[in-house]
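Notes follow once the structure below has been shown.
The values are calculated or read from the model by the stated rules, or taken from the named source; none is laboratory data. The structure presented is a predicted model; accordingly, all values stated were derived computationally and were not measured. When the accessible area is computed, the model is the full protein with side chains, heavy atoms only, and any ligands, DNA or RNA have been set aside. Shrake-Rupley method; radii C 1.70, N 1.55, O 1.52, S 1.80 Å.
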Amino acid sequence: MTGASGAALYDGRTCVAHTGQGVPARTARRNALVVWPEPLGASNQEVLARLASFGGSLMAAHAREVEAGARQARLLEAKQRLERMVAQQERRRSRASHDLRTPLMVMKGYVDMMMKGTAGALTAPMQRYLDRMQRVANDQGALIERRLGRMVDEGVEDLRPLLRSAFLPAARNGRVPDVTMTLPNRPVAVRGSRESIELMVRTLARAVLDRGTAIVVRVEPAEDLGMWRLRVDARGGKALPEKTQSVLRHLAQRLKGGLSLPTDESSGLVVHLPADDTVPVSVEQHDG
C-alpha cells in the first residue's frame, strides 16, 4: 500500500512482528495487521483483513512447528532415558548371571572330581547322591541360561493365534478346508526366532491344506521336558514334496526342535518346538 510508513502484526495485544518507522499501535483484536498511517478506503481495509488472516495462519503454523519440536525433544529425552535403563538392566543381568554361575561351576567341578574317584572309592549311595547332585546342577545351569542369558530373539509368547490364522482361512482354492484344531487352554510359548517359527507354521499349513482333504491339528506338551508337540494329520492327502520336507526339517533344527514325518504306523506329521518357560502362564477358560 502506498503511503504506509510501518506495519505490525498482532496476536491479541502482543506484537509478534513489526517493520518500518514509528511505533505500532495497540489493538484488541486477536489477529490484526496494523499499518500507519491508516489507509483510507474499503478496498484497502479488505486487503488488510486478508493479510491479517494470512498472518494468523502463519503464526498457527509456527506454533505447531514449535510444539512439534518440543514434542520431538521430549521423545528423544525419553528414548535416551530408556536406553540408560536398558543398559543398567543389562549390567545387572550380567552381574547376576556371573554371581550365580561361579559357585555353581565350583560345585559341579567337585562333583565331577568325586565321580571320577579323585576322593576315593564311591559306595552305591554315594554314587546315587552324586548323580542327583550333578543332575540338579545341570538343571540349575540351564535355568540360569534361560532366565539370565542374553536374549537373542523374543520368540513367540503364544503360538495359538498363528496356528488359527494359518490353518483356518476363510476359503482356499475355492473351498473351505475341513480343519479340526485342538489347542491347550493356556498360552503356547515357543523359544527361538519369531521369523523361523512363523515360516515353519505357514509352510506346514500351506503344504497340508493344498494336499489334505481333512486336517487335524493338535498341540500338547511333549514327554521331554521343555518341548511342545505339534501334530498335524492330513487324511486322504498326498505326501509332502521332498523340498517341503527339507525346508521343514531345516527350520525345526534351527529352532533346536525336531521333525517326524508320517510313517506306515503313524500318518501324522509331528514337530517338536522348544517351550519358553519364562513367559507367565495365564490360564484361559476357553479351548482352541
Leu269's amide H: which non-local residues (gap 5+, or another chain) put their own amide H closer than 5 Å, with H modeled 1.01 Å from N in plane and none for Pro or chain starts?
Val232, Asp233, Ala234
With every protein chain in place, what's the accessible area of Ser57 (1.4 Å probe, Å², nearest 10)?
70 Å²
